[in-house]
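> I'd like to ask some things about the structure below.
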Amino acid sequence: MKVLVVGGGGREHAIIMKLAESPRVTELHCAPGNGGIAKYAECHPVKATDLDGMLALAKELCADWVFVAPDDPLVLGMADLLRENGFKVFGPSKAAAIIEGSKVFSKHLMKKYGIPTAKYEVFDDAEKAIAYIREQDTYPTVVKADGLALGKGVIIAQDEDEAVEAVRIIMEDRIFGESGSKLVVEEFLTGPEVSVLAFTDGETVAPMISSMDHKRALDHDRGKNTGGMGTVSPNPYYTKEIAEQCMREIFLPTMHAMNGENRTFRGCLYFGLMLTPDGPKVIEYNCRFGDPETQVVLPMLKTDLLDIMEAVEDRKLEDLPISWKKGACACVILASGGYPEKYETGKEITGLDEKGQCAGAAVYHAGTKLSEDGKFLTAGGRVLGITASGDTLRQALDAAYAAACGVSFEGVHYRRDIGARALAAKK
Ligand code: AMP
Ligand code: GLY
């Protein structure tokens, strides 16, 4: 089987490495890919959001499967276009991807179907949003741009000034572009966060091993929100009882809700949950594998990923047992200096071998490219995800950090406390 993976980050690198384990996968392609992925799959210079270009590439390659990993092509309808042209695709339709593409849609969905989430109001007018915030007069409060914003469209405002500023930069300055034509103001929730990715074919939901992201740029959850600075799996706060409650109150109701709206979701549905004192609540849905959650979830998967892709596409997920390795996995993201704000690229990365790997850990490349003379250079905000597994979380973290020490580039920064909260929960 020839598989084309759409995307070019750490998540896609982890997907490629898992697909490479499948005895039935004979050729791996990636578009656009990156410097590290190029060592394991043939990379093609087609942008992830170029629908026609991707269709032409899939045709040229005679791809048996296309795995659409990022949110934006899914929200634009890439999976539909490929399916209409006879390709087997892993990834939801445009109609279903709206669950991530519009926070207004997902909030209304949860309200309509009684799925627990933060209380909210929607606005398409800045002055009305500000008037509502002043009337509520409760802080922190949360202001979210409606559409996709690279994981950065959420502002937790600590006081009225910050909340007003958030509304203005989202709606008036449009720092997230058209994503800010509407916004959601919602109640601030507290509690440990859990990411649960789940395979679903619209009839069955099969949750994967749980994980914990670390979204803030700096140690102790300080600094700005980022795409994710590190992850661990499993998430110790996510007990068997909570998992059962989430299945009953959140996962199955969401699948049925999407069916009820004629937007059946087939693919990987990501539940961003907060375990509040009032029970688990949905913070966000994503229509795809999370990044960097995938980097700690897929290494734990024992079942052939291609078998799962087939079961999802053929609606036979119910018949497929999916098994997971024991132990734990940890991923530390090495980011460019300045990320998530302005940063420089093109810095030479040291400490990687010829394949872009290092001893003691798997290195998932997120933002790298190869120079003409074969060196790895930085090419994005998040550069590498150094990932290790172990019998215990402590072992996995020690191995990931030991490996991270040996890899460097000018301006590199990474959090030193990935997994600290998870370790504290275990005591
Ligand atoms: P999102 O992109 O929606 O996942 O939001 C990014 C991060 O903002 C989440 O992982 C949470 O840490 C935080 N967040 C979002 N919504 C809320 C909320 N209602 N209450 C507290 N924190 C939130
Ligand atoms: N790590 C969060 C996300 O993929 O949106």
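> Considering only residues that are within 16 Å of ligand 2 (Cβ to nearest atom) and closer than 19 Å to Gly191 by Cβ, which ones fall in region 217-232?
Across region 217-232, the qualifying residues are Asp221, Asn225, Gly228, Thr231, Val232.
> In region 111-153, which residue that is within 12 Å of ligand 1 (Cβ to nearest atom) and among the charged types (D, E, K, R) is surrounded by the most Cβ atoms within 10 Å (Cβ to Cβ)?
Checked region 111-153; the qualifying residue surrounded by the most Cβ atoms within 10 Å (Cβ to Cβ) is Lys144.
> How many residues are among the hydroxyl-bearing types (Ser, Thr, Tyr) and closer than 30 Å to Thr264 by Cα when one looks only at region 313-338?
Of the residues in that region, 1 qualify.
> Let me ask you something else. Checking the conditions here, which among Gly53, Gly33, Gly86, Gly77 is over 15 Å from the mean Cα position of the chain (by Cα), free of Cβ contacts under 8 Å to residues at least 40 places away in the same chain and surrounded by 21 or more Cβ atoms within 10 Å (Cβ to Cβ)?
Going through Gly53, Gly33, Gly86, Gly77 in turn, just one is over 15 Å from the mean Cα position of the chain (by Cα), free of Cβ contacts under 8 Å to residues at least 40 places away in the same chain and surrounded by 21 or more Cβ atoms within 10 Å (Cβ to Cβ): Gly33.
> From the list Glu341, Glu348, which one is in contact with a Phe, Trp or Tyr (Cβ under 7 Å, 6 or more places away or on another chain) and over 22 Å from Ser22 (Cα atoms)?
Glu348
> Okay, next question. Taking Glu241 and the conditions (1) out of contact with any strand residue (DSSP E or B) (no Cβ under 9 Å at 6 or more places or on another chain); (2) within 16 Å of ligand 1 (Cβ to nearest atom), which numbered condition does it fall short on, given that it satisfies the others?
That leaves (2) as the condition not met.
> Which ones in region 393-427 are in contact (Cβ under 8 Å) with a residue 60 or more places away in the chain, farther than 17 Å from Gln295 by Cα and outside any helix (DSSP H, G or I)?
Val407, Phe409, Glu410, Gly411, Val412, His413, Arg416, Asp417, listed by residue number.
> Separate question: Across region 275-284, which residue is farthest from ligand 2 (Cβ to nearest atom) among those that are part of a strand (DSSP E or B) and more than 16 Å from the chain's Cα centre (by Cα)?
This residue is Gly279.
> Also, I was wondering about something else. Does Glu165 satisfy being among the acidic types (Asp, Glu), over 22 Å from Pro73 (Cα atoms) and under 20 Å from the mean Cα position of the chain (by Cα)? Give the steps one after another, and end with the answer.
Values: among the acidic types (Asp, Glu): yes; over 22 Å from Pro73 (Cα atoms): yes; under 20 Å from the mean Cα position of the chain (by Cα): no.
Answer is no for this residue.
> With farther than 22 Å from Met110 by Cβ and not basic (Lys, Arg) as the only criterion, which of Gly177, Gly202 stands out?
Residue meeting the stated conditions: Gly177.
> Any idea which of (1) more than 22 Å from Glu100 (Cα to Cα); (2) more than 12 Å from ligand 1 (Cβ to nearest atom) is the one Asp221 doesn't satisfy?
(2)
> Can we say Glu244 is more than 14 Å from ligand 2 (Cβ to nearest atom), assigned to a helix (DSSP H, G or I) and without any contact (Cβ under 8 Å) to a residue 24 or more places away in the chain?
The answer is yes for Glu244.
> Can you find a residue in region 130-148 that is of a type in the set (Val, Ile, Thr) and part of a loop (DSSP other than H, G, I, E, B)? Spell out the reasoning first.
Step one: list which residues in region 130-148 are of a type in the set (Val, Ile, Thr), which gives 130, 133, 138, 141-143.
Within this subset, residues satisfying the condition of being part of a loop (DSSP other than H, G, I, E, B) are 138.
Among the residues of region 130-148, at least one is of a type in the set (Val, Ile, Thr) and part of a loop (DSSP other than H, G, I, E, B), which makes the answer yes.
> Let me ask another. What is the one condition in (1) in a strand (DSSP E or B); (2) surrounded by 23 or more Cβ atoms within 10 Å (Cβ to Cβ); (3) aliphatic (A, V, I, L, M) that Ala206 does not satisfy?
Single failed check for Ala206: (2).
> Out of (1) of a type in the set (Gly, Ala, Ser); (2) modelled with pLDDT of 95 or more; (3) away from ligand 1 (no atom under 16 Å from the Cβ), the odd one out for Ser181 is which?
(2)
> Which numbered condition in (1) closer than 19 Å to Ala217 by Cβ; (2) under 23 Å from the mean Cα position of the chain (by Cα) is the only one that Gln357 fails?
With respect to (1) closer than 19 Å to Ala217 by Cβ; (2) under 23 Å from the mean Cα position of the chain (by Cα), Gln357 is out only on (1).
> Let me ask something else. Which of the residues belonging to region 256-271 are surrounded by fewer than 18 Cβ atoms within 10 Å (Cβ to Cβ) and not in a loop (DSSP other than H, G, I, E, B)?
The answer is His256, Asn259, Gly260.
> Can you give me the number of residues within region 147-176 that are closer than 17 Å to Glu187 by Cβ and among the charged types (D, E, K, R)? Give the steps one after another, and end with the answer.
In the first step, residues of region 147-176 are kept if they are closer than 17 Å to Glu187 by Cβ; the result is 154-160, 162-163, 166-167.
Right, trim to among the charged types (D, E, K, R) and you get 159-160, 162.
Counting residues in region 147-176 that are closer than 17 Å to Glu187 by Cβ and among the charged types (D, E, K, R) gives 3.
> A follow-up question, please. Any chance you could count how many residues in region 217-241 are closer than 19 Å to His413 by Cβ and without any contact (Cβ under 8 Å) to a residue 24 or more places away in the chain?
3
> Of (1) within 16 Å of ligand 1 (Cβ to nearest atom); (2) out of contact with any Gly (no Cβ under 7 Å at 6 or more places or on another chain), Val164 satisfies all except one. Which?
(1)
> Now, a different point. Quick one: how many residues across region 71-85 are touching a helix residue (DSSP H, G or I) at 6+ places or on another chain (Cβ under 8 Å) and not hydrophobic (A, V, I, L, M, F, W, C)?
Filtering region 71-85 for residues touching a helix residue (DSSP H, G or I) at 6+ places or on another chain (Cβ under 8 Å) gives 71, 73-82, 85.
Next cut, not hydrophobic (A, V, I, L, M, F, W, C) only: 71, 73, 77, 80, 85.
Counting residues in region 71-85 that are touching a helix residue (DSSP H, G or I) at 6+ places or on another chain (Cβ under 8 Å) and not hydrophobic (A, V, I, L, M, F, W, C) gives 5.
The values are calculated or read from the model by the stated rules, or taken from the named source; none is laboratory data. Since this is a predicted model, take the numbers as computed values, not measurements. When we count neighbours, we look across all protein chains shown, and the Cβ atoms used for this are built from the backbone with ideal geometry, even at glycine.
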